[in-house]
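Please treat every number below as a calculation from the coordinates, not as lab data. On a predicted model such as this, the values are computed, not experimentally measured, just so you know. So basically every Cβ, Gly included, is an ideal-geometry build from the backbone, and we count neighbours across all protein chains shown.
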Amino acid sequence: AQKITQTQPGMFVQEKEAVTLDCTYDTSDQSYGLFWYKQPSSGEMIFLIYQGSYDEQNATEGRYSLNFQKARKSANLVISASQLGDSAMYFCAMREGRGETSGSRLTFGEGTQLTVNP
Amino acid sequence: EAGVTQFPSHSVIEKGQTVTLRCDPISGHDNLYWYRRVMGKEIKFLLHFVKESKQDESGMPNNRFLAERTGGTYSTLKVQPAELEDSGVYFCASSQDRTGRYNEQFFGPGTRLTVL
């Protein structure tokens, strides 16, 4: 069975500093995708970044990057130059199967509440 | 382009009553998913529609939950009768298969259900 573990219920970071949110996963599949979503206090879930299991390079999207260590089954989210608007809940999620078909469900971790201090 | 919308945003009902949640996916998205987050736990999958067909309903907790997607457009999730443990936030998501893309799921804002 798939499982996502986010061991940090809460994280604090100073504005303009970088922060790493941890995510480890467990799957027996060779093909899978890893996603990070942000949920601000308004409630909507915002897609941030994706990493495929066969991708050789770490994914990057603006200030977000994914530190993908396949052998360790970890997919940590790195946010550089934190901003006050980054304060939110962050969810790591996994989908089995390659990316071209979105048919499989997402399995989520419990989330990490990030607070950016001025 | 409008995003995924859900109605209502918040519902408070008594145990034993019926509640129907609605989700309007992004126009043209064939895939529609329902998820639920209960009391600070992880978000859990409930079911997946491809157009009007149920592709995977293995996450539905019991037969008090009924999901429909008539005509392959909007979807409803009915809880009848509601129990206290059904309280939580119900998310809907949609996606479209596109070759060469990772086809992320776009989420709605959720419906917060409180059963008293």
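General remarks:
- Any chance A:SER104 is exposed (fewer than 13 other Cβ atoms within 10 Å of the Cβ), at negative phi and facing chain B (nearest Cβ under 9 Å): no
- Here B:SER27, B:SER58, B:SER11 are screened, and the one residue that is more than 30 Å from A:TYR25 (Cα to Cα), of a type in the set (Ser, Thr, Tyr) and in a loop (DSSP other than H, G, I, E, B) is B:SER27.
- Any hit, the range A:9-22, residues being within 10 Å of chain B (Cβ to nearest Cβ), of a type outside the set (Phe, Trp, Tyr), within 19 Å of A:MET94 (Cβ to Cβ) and touching a residue at least 24 places away in the same chain (Cβ under 8 Å): no
- The range B:96-116: number of residues that are within 13 Å of B:CYS23 (Cβ to Cβ), within 8 Å of chain A (Cβ to nearest Cβ) and of a type outside the set (A, V, I, L, M, F, W, C): 4
- Of all residues in the range A:46-62 being touching an Asp or Glu at 6+ places or on another chain (Cβ under 9 Å) and either more than 9 Å from chain B (Cβ to nearest Cβ) or not hydroxyl-bearing (Ser, Thr, Tyr) (or both), the one that is surrounded by the fewest Cβ atoms within 10 Å (Cβ to Cβ): A:PHE47
- Test result for B:PRO61, under 30 Å from A:THR7 (Cβ atoms) and more than 14 Å from every other protein chain (Cβ to nearest Cβ): yes
- Every condition in (1) loosely packed, with under 13 Cβ neighbours inside 10 Å; (2) assigned to a strand (DSSP E or B) holds for A:THR7 except the one numbered (2).
- The selection criterion, being crowded, with 20+ Cβ neighbours inside 10 Å, within 25 Å of B:ASP56 (Cα to Cα), without any contact (Cβ under 8 Å) to a residue 12 or more places away in the chain and within 9 Å of chain B (Cβ to nearest Cβ), does not hold for A:ARG95.
- Filtering the range B:67-95 to residues that are within 10 Å of the chain's Cα centre (by Cα) and facing chain A (nearest Cβ under 7 Å) leaves only B:PHE91.
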